[in-house]
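Notes follow once the structure below has been shown.
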Amino acid sequence: MQVVVRDNNVEQALRALKKKMQREGVFREMKLRRNYEKPSERRAREKAEAVRRYRKLMRKRMDREGY
(Lines give C-alpha, C1' and ligand atoms only; values in the text may rest on other atoms or scores of the structure.)
Protein backbone atom coordinates (compact mmCIF):
# COMPACT_ATOMS: atom_id res chain seq x y z
CA MET A 1 0.00 0.00 0.00
CA GLN A 2 1.44 3.37 -0.96
CA VAL A 3 0.59 6.97 -0.22
CA VAL A 4 2.26 9.92 -1.89
CA VAL A 5 3.50 12.71 0.40
CA ARG A 6 2.88 16.04 -1.30
CA ASP A 7 4.50 19.31 -0.23
CA ASN A 8 6.06 17.62 2.83
CA ASN A 9 2.57 17.27 4.30
CA VAL A 10 3.05 14.09 6.32
CA GLU A 11 -0.13 14.52 8.36
CA GLN A 12 -2.30 14.51 5.25
CA ALA A 13 -0.45 11.45 3.93
CA LEU A 14 -1.00 9.65 7.24
CA ARG A 15 -4.71 10.40 7.12
CA ALA A 16 -4.88 9.03 3.58
CA LEU A 17 -2.96 5.91 4.64
CA LYS A 18 -5.27 5.30 7.60
CA LYS A 19 -8.31 5.71 5.36
CA LYS A 20 -6.90 3.21 2.84
CA MET A 21 -6.07 0.73 5.60
CA GLN A 22 -9.56 1.10 7.06
CA ARG A 23 -11.14 0.50 3.65
CA GLU A 24 -9.01 -2.61 3.08
CA GLY A 25 -9.87 -4.00 6.52
CA VAL A 26 -6.27 -4.05 7.79
CA PHE A 27 -7.12 -2.70 11.25
CA ARG A 28 -9.90 -5.23 11.67
CA GLU A 29 -7.59 -8.05 10.58
CA MET A 30 -4.90 -6.93 13.04
CA LYS A 31 -7.45 -6.85 15.85
CA LEU A 32 -8.67 -10.35 15.01
CA ARG A 33 -5.13 -11.75 14.81
CA ARG A 34 -4.10 -10.30 18.17
CA ASN A 35 -5.37 -13.44 19.91
CA TYR A 36 -5.78 -16.99 18.70
CA GLU A 37 -9.27 -17.83 17.56
CA LYS A 38 -10.43 -21.42 17.55
CA PRO A 39 -11.76 -22.62 14.18
CA SER A 40 -15.22 -23.21 15.69
CA GLU A 41 -15.25 -19.65 17.08
CA ARG A 42 -14.17 -18.32 13.70
CA ARG A 43 -17.00 -20.14 11.91
CA ALA A 44 -19.53 -18.89 14.46
CA ARG A 45 -18.27 -15.31 14.14
CA GLU A 46 -18.31 -15.39 10.34
CA LYS A 47 -21.83 -16.87 10.34
CA ALA A 48 -23.03 -14.16 12.72
CA GLU A 49 -21.44 -11.49 10.51
CA ALA A 50 -23.16 -12.94 7.45
CA VAL A 51 -26.52 -12.89 9.25
CA ARG A 52 -25.92 -9.27 10.28
CA ARG A 53 -25.04 -8.28 6.71
CA TYR A 54 -28.13 -10.06 5.35
CA ARG A 55 -30.45 -8.39 7.87
CA LYS A 56 -28.95 -4.99 7.09
CA LEU A 57 -29.45 -5.60 3.36
CA MET A 58 -33.06 -6.64 3.96
CA ARG A 59 -33.70 -3.52 6.10
CA LYS A 60 -32.35 -1.30 3.33
CA ARG A 61 -34.35 -3.17 0.69
CA MET A 62 -37.56 -2.86 2.71
CA ASP A 63 -37.01 0.87 3.21
CA ARG A 64 -36.41 1.35 -0.51
CA GLU A 65 -39.34 -0.75 -1.67
CA GLY A 66 -41.67 0.50 1.07
CA TYR A 67 -43.02 -2.73 2.55
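The values are calculated or read from the model by the stated rules, or taken from the named source; none is laboratory data. These numbers come from a predicted model, not from an experiment. Virtual Cβ from ideal backbone geometry, glycine too; neighbours counted across all protein chains shown. What goes into the accessible areas is simple: the full protein's heavy atoms, side chains included, and nothing from ligands, DNA or RNA. Shrake-Rupley method; radii C 1.70, N 1.55, O 1.52, S 1.80 Å.
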Review point. Tell me, what is the 1.4 Å probe accessible area of residue 5, in Å² to the nearest 10?
Key: 80 Å²
Practice item. Take the solvent-accessible surface of the protein heavy atoms, probe 1.4 Å, and return the percent of it on the chain that carbon and sulfur atoms account for. Key: 50 percent
Revision key, fill the gap. Loop-resident GluC sites (Glu not before Pro) in the chain with no more than 15 other Cβ atoms inside 10 Å, DSSP not H/G/I/E/B, are 37
**Study point:** Angle between the chain longest axis and helix 10-24 axis [Cα atoms, degrees, rounded to 10]
**Key:** 20 degrees
Study note, to complete from the structure: Counting only DSSP loop positions in segment 1-54, the chymotrypsin sites (Phe, Trp or Tyr not before Pro) whose Cβ has at most 16 other Cβ atoms within 10 Å are 36
**Study point:** Surface per residue (accessible, 1.4 Å probe) for the chain, Å²
**Key:** 102 Å²
Study note, to complete from the structure: For residue 59, the accessible surface traced by a 1.4 Å probe with all protein chains present amounts, in square angstrom to the nearest 10, to 150 Å²
Study note, to complete from the structure: Quick shape summary for the chain, equivalent ellipsoid via Cα gyration tensor, semi-axes whole Å in descending order, reads 33, 23, 6
Point to revise | Dipole magnitude of the chain, debye to nearest 20 (Cβ charges: Lys/Arg +1, Asp/Glu -1, about Cα centre) | key: 340 debye
